[in-house]
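Single-structure report; data block below.
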Amino acid sequence: MIRARILGVGRYLPERVVTNFDLAKMFDTSDEWIQQRTGIVERRFADEGVYCSDLAAHASRQAIQNAGLQLEDIDFLIFATLSPDHHFPGSGVYLQAKLGLSEIGCLDVRNQCTGFLYGLAVADAFVRAGVYKRVLLVGAEVHSSALNFTNAGRDVAVLFGDGAGAVVVGPSEDESRGILTTHLHADGRYAEILKLDIWDISKKPYITETSLTNGDIWPKMIGKEVFKHAVTKIPEVIEAVLKENNLKTTDIDLYIPHQANLRINQFAAHRLGVPQEKFYSNIEAYGNTTAASIPIALSEILEKKIISENNLIVMVSFGSGFTWAASLIRW
Ligand SMILES: CC(C)(COP(=O)(O)OP(=O)(O)OC[C@H]1O[C@@H](n2cnc3c(N)ncnc32)[C@H](O)[C@@H]1OP(=O)(O)O)[C@@H](O)C(=O)NCCC(=O)NCCS
């Protein structure tokens with residue numbers, strides 16, 4: 001059987017650092033409030049004129065180089081984002097053109113915080129089935145254009161940052177190494193809990209004058225509901241992937257959770273009885289970068305040599321939809 005594995009990883013963060021103190025100059029918040037509730041200290045914001053596909057292009061080039069490949073080796077592209085360049089066409093084709101990848105298929109994944117893991121499951125299936133050999137999977141976000149930097153939007157505005165992370169997925173020469181299992185879940189009954197209302201195709205036209213002024217252009221979230229479900233579903237899906245593979249929590253060398261909130265991840269680790277240091281964290285530096293957070297973390301982890309060949313890792317995520325997912329990998 002062909003097994004798929006991650007052949008290379010890359011990341012890109014915009015240079016502009018925005019601290020909690022910078023946000024506190026724009027609306028009523030404080031470094032203490034943000035750090036206590038989320039663990040975030042600073043995040044990066046892209047400048048005006050920068051698209052999510054621009055961030056993705058930087059991360060993708062690094063991932064391809066890290067895999068020891070050339071651009072022309074890539075035979076399929078998957079782009080996960082909740083902040084696409086435009087509503088259509090998808091950001092995948094913009095990235096394809098920016099990288100100069102001619103005529104390969106491009107698939108856009110719109111699964112918010114679990115977009116990367118949903119994309120990974122698709123890339124894994126394509127490679128295992130022998131359909132494609134080198135799939136570029138990128139998660140990228142420009143959140144900073146769609147955050148409400150007033151008191152009305154402060155609950156959401158403090159959480160998010162911009163960035164991109166990319167991987168190349170291809171066949172593993174050693175069938176014991178690679179992506180072992182990915183579990184994907186969703187529960188659309190909770191779709192209204194974290195969403196952006198502005199694009200409403202049931203309205204004619206789909207964006208009204210009222211929706212431009214009544215707050216619909218900003219994301220809305222019931223934070224406590226997100227928190228409550230996240231701390232239940234994250235341990236649940238981790239336990240399910242472990243059970244399927246006859247593993248215990250102690251067999252895992254490193255957990256790489258989506259970076260939504262340090263408290264959520266601490267809670268989840270505690271529920272599983274896993275030491276906090278086994279749950280990787282970099283949220284202090286970047287905030288929540290949604291589809292980009294797991295590949296950004298993975299790229300840092302490899303650079304710091306925190307994992308090595310044959311280590312077992314679990315990537316896990318929860319977010320808007322609700323959607324949640326976990327992937328077990330033997331590195
Ligand atoms: C957002 C979150 C940090 C808010 O924490 P919380 O303890 O639930 O806070 P609440 O919403 O109950 O608000 C508590 C108070 O802080 C205030 N507040 C909200 N945002 C604030 C901010 N940025 N700075 C200061 N005060 C703020 C609220 O207005 C409220 O004030 P009140 O008591 O006077 O009404 C928390 O709910 C959370 O982390 N949820 C998960 C969010 C998430 O991860 N989303 C992305 C998922 S992918």
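The values are calculated or read from the model by the stated rules, or taken from the named source; none is laboratory data. It should be emphasised that the depicted structure is a prediction, and the values quoted were computed from it without experimental measurement. FYI the Cβ positions are ideal-geometry reconstructions off the backbone, even for glycines, and counts take in every protein chain you see.
Some values worked out for this structure:
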read-out	value
In the stretch 9-25, the residues that are among the small types (G, A, S) and surrounded by fewer than 22 Cβ atoms within 10 Å (Cβ to Cβ)	A24
Inter-residue pairs, beta-carbon under 9 Å, first without any contact (Cβ under 8 Å) to a residue 24 or more places away in the chain and in the stretch 117-129, second hydroxyl-bearing (S, T, Y) and part of a helix (DSSP H, G or I), 6+ apart	none
Set L242, L272, L212, L247: member being more than 16 Å from the ligand (Cβ to nearest atom), outside the structural domain of L120 (by TED's automatic domain parsing), free of Cβ contacts under 8 Å to residues at least 24 places away in the same chain and farther than 24 Å from G163 by Cα	L212
Which listed residue, of K203, K195, is of a type in the set (D, E, K, R) and either over 23 Å from S317 (Cα atoms) or away from the ligand (no atom under 16 Å from the Cβ) (or both)	K203
Lone qualifier among L13, L82 - being under 30 Å from V169 (Cβ atoms) and within 16 Å of the ligand (Cβ to nearest atom)	L82
Hits in the stretch 294-319 (condition: touching a residue at least 24 places away in the same chain (Cβ under 8 Å), more than 16 Å from the ligand (Cβ to nearest atom) and not in a strand (DSSP E or B))	L298, S299, E300, I301, L302, I306, I307, E309, N310, N311
Filter pass, A269 being within 20 Å of I40 (Cα to Cα) and outside any helix (DSSP H, G or I)	no
Some residue of the stretch 195-209 being assigned to a loop (DSSP other than H, G, I, E, B) and in contact (Cβ under 8 Å) with a residue 40 or more places away in the chain	yes
Condition met for Y94 (part of a helix (DSSP H, G or I) and within 20 Å of A191 (Cβ to Cβ))	no
Filter result for W324 (over 23 Å from L55 (Cβ atoms) and touching a His at 6+ places or on another chain (Cβ under 6 Å))	yes
